[in-house]
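Trainee: Right, I'll just put the structure down here and ask away after.
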Amino acid sequence: MTTTRTIHELRKALDPLGAGADVGLVPTMGALHGGHEALVRRARAECDVVALSIFVNPAQFGPGEDLERYPRDLEQDLLLAEDWGVDLVFAPSVEEMYPEGFATWVDVEGLGGTLEGAARPGHFRGVATVCLKLFNLVGPRRAYFGQKDAQQAALVERMVRDLNLELEIRLVPTARDEDGLALSSRNELLSTEEREAARALPRALAAGERAHRAGGDAAEAARSLLAEERRLRPDYIRVERLDGRVYLLAAVRAGSTRLIDNVLLEGAVE
Ligand code: AMP
């Protein structure tokens, strides 16, 4: 596995592969877990070369969000990446990605301003911009995104279509802990009590899914179950169509940590 910290090093590592190499990219913010592993394993099965980026992107954090507290452990991440069969890691500094004078941003209208975009103004501008930069830098044939961040994946897919980028976006199902909680780097920030309360989120989504199958109101069913867990403060619980699939999506706060999750109501993620 080759680890690169600068764009120059990344280009040097990619150069010998030549144009048209079958590269799969897994963009992450590090603090790697089983959700990231699922993306890497899929990329490993489908691509000749697997590239993993690790970059806590300040542009997608708003003022007062958890940029400083966001977990970081590059040493451990590199051990895991190697173990999962990653070929190339790109872990740049903030200055490398946003040098002085940086002034160009990608705004995906519509999708960029709803749900997570409404709750976190500017978040998706940061996401779209860093993804476009990573796609330009790595030149992957496919890029892998998790269903857990379904809106992010739909937004990136929109950008790929709108800007005629030559790569395929692959969506990978959400990896969960034994008790159903979606794996997330932010789970590390939860106290024992918050972690216990967080289990209500997947349970509420599952109740919503059952209600939907029975012809009922998915969001209402999820809302009423979540209302029983006083330690979680719901932000939104909504049914939305994203990139041709229908999801029940929810965001909640456990203490000062914001958690998101979703289940599919219609359509499939293979
Ligand atoms: P992050 O490091 O949180 O920015 O996530 C990097 C990528 O991993 C994104 O495409 C996420 O959707 C994906 N991801 C995060 N958690 C999970 C999970 N539990 N299951 C599947 N994919 C995930």
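Trainee: Note down the net charge around Leu181, summing +1 for each Lys or Arg and -1 for each Asp or Glu among other residues with Cβ under 13 Å from its Cβ.
Mentor: It works out to a net charge of -2.
Trainee: Give, rounded to the nearest 20 debye, the magnitude of the charge dipole that the chain has about its Cα centre when Lys and Arg contribute +1 at Cβ and Asp and Glu contribute -1 at Cβ.
Mentor: 540 debye
Trainee: Once you list every other residue whose beta carbon is under 15 Å from the beta carbon of Gly139, what net charge do they have if Lys and Arg are +1 and Asp and Glu are -1?
Mentor: On the way: positive: Arg11, Lys12, Lys133, Arg141, Arg142; negative: Asp15, Asp22, Asp48, Asp87, Glu166, Glu168.
Charge balance in the 15 Å sphere: -1.
Trainee: Given the chain, report the % of alpha carbon pairs whose separation exceeds 28 Å.
Mentor: Above the 28 Å cut-off, the chain has 34 percent of its Cα pairs.
Trainee: Running a GNM on the chain with Cα contacts under 10 Å, which residue among Leu201, Leu190, Leu39 ends up with the highest mean-square fluctuation?
Mentor: Looking only at Leu201, Leu190, Leu39, the largest GNM fluctuation is found for Leu190.
Trainee: Here is a further query. Could you work out the local net charge near Glu9, counting Lys and Arg as +1, Asp and Glu as -1, over the other residues with Cβ closer than 15 Å to its Cβ? Could the numbers behind the result be given before it?
Mentor: Numbers: positive: Arg5, Arg11, Lys12; negative: Asp15, Asp87, Glu95, Glu96.
Overall, the nearby charge balance is -1.
Trainee: Starting from the amide H of Arg176, placed 1.01 Å from N in the peptide plane, find each other amide H under 5 Å away whose residue is 5 or more places distant or on another chain.
Mentor: Amide H neighbours of Arg176: Leu183.
Trainee: Whole Å is fine, so just give me how far the alpha carbon centre of the stretch 201-270 lies from that of the stretch 1-66.
Mentor: Cα centroid to Cα centroid, the span is 29 Å.
Trainee: Would you mind estimating how fast the stretch 107-157 diffuses translationally, via Stokes-Einstein at 37 °C and 0.692 mPa s with the Kirkwood radius over Cα pairs, in µm²/s?
Mentor: 290 µm²/s
Trainee: Tell me the angle of helix 218-227 to the major Cα principal axis of the chain, expressed in degrees between 0 and 90 and rounded to the nearest ten.
Mentor: Taking the Cα atoms of the chain, the angle to 218-227 is about 80 degrees.
Trainee: Counting DSSP beta bridges with both partners in the chain, what percentage is antiparallel, nearest 5?
Mentor: Once the DSSP bridges in the chain are tallied, antiparallel ones form about 50 percent.
Trainee: Relative to the present Cα-Cα distance, how much length would full extension add between Ala206 and Glu46 at 0.36 nm per residue of separation?
Mentor: Roughly 54.5 nm would be gained on extension.
Trainee: Select from Glu65, Glu95, Glu196 the residue whose mean-square fluctuation is largest in a Gaussian network model of the chain (Cα-Cα springs shorter than 10 Å).
Mentor: Maximum among the listed residues: Glu95.
Trainee: Give the whole-number value, in cubic angstrom per residue, of the convex hull volume spanned by the C-alpha atoms of the stretch 52-198.
Mentor: So the per-residue hull volume is 141 Å³.
Trainee: Compute the distribution of all C-alpha to C-alpha distances in the stretch 114-243, in bins of 10 Å from 0, and list the percent of pairs in each, rounded to whole numbers.
Mentor: 11, 34, 34, 18, 4
Trainee: Amide H to amide H, which residues 5 or more places from Thr2 or on other chains are under 5 Å from it, using H placed in the peptide plane?
Mentor: Leu88, Val89
Trainee: Hey, another quick one. To one decimal place, what orientation-averaged projected area in nm² is obtained for the convex hull of the Cα set of the stretch 63-146?
Mentor: So the Cα hull casts an average projection of 7.3 nm².
Trainee: With runs of 4+ DSSP H residues as the only contributors, calculate the mean residue ellipticity of the chain at 222 nm using -39,500 (n - 2.57) per run, divided by the residue total and rounded to the nearest 500. The partial results should precede the final answer.
Mentor: On the way: 10 runs with 99 residues, N = 270.
Only helices count here, giving -10500 deg cm²/dmol.
Trainee: Which number comes out as Rg/Rh for the stretch 1-50 once both Rg and the Kirkwood Rh are worked out on C-alpha atoms? Intermediate results must be reported in sequence, preceding the final value.
Mentor: Values: Rg = 12.0 Å, Rh = 12.1 Å.
Radius of gyration relative to Kirkwood radius: 0.99.
Trainee: Another question, then. How big is the Rg/Rh ratio for the stretch 191-270, C-alpha atoms only, Rh by Kirkwood, two decimals?
Mentor: Expressed as Rg/Rh, it is 0.99.
Trainee: With everything on Cα atoms, drop me the angle between helix 34-46 and the longest principal axis of the chain, reported from 0 to 90° to the nearest 10.
Mentor: Its long axis makes an angle of about 50 degrees.
Trainee: Can I ask one more? Could I have the simple spin-label model distance between Glu95 and Asp22, label points 7 Å from Cα toward Cβ, reported in nm to one decimal?
Mentor: Label at Glu95, label at Asp22, 4.0 nm between them.
Trainee: Please list, in order along the stretch 144-154, the HN-Hα scalar couplings obtained from phi with the Karplus expression 6.51 cos²θ - 1.76 cosθ + 1.60 (θ = phi - 60°), rounded to whole Hz, x for Gly and Pro.
Mentor: Going residue by residue, I get 10, 10, x, 4, 3, 9, 4, 5, 4, 5, 5 Hz, with x marking Gly and Pro.
Trainee: Could you check the simple spin-label distance between Arg230 and Asp177, using points 7 Å along Cα→Cβ, in nm with one decimal?
Mentor: 2.3 nm
Bear in mind that the values in this text are calculations on the coordinates, not laboratory data. Source: prediction; values computed, not measured. Cβ: placed from backbone, ideal geometry, glycine included. Neighbour counts: every protein chain shown.
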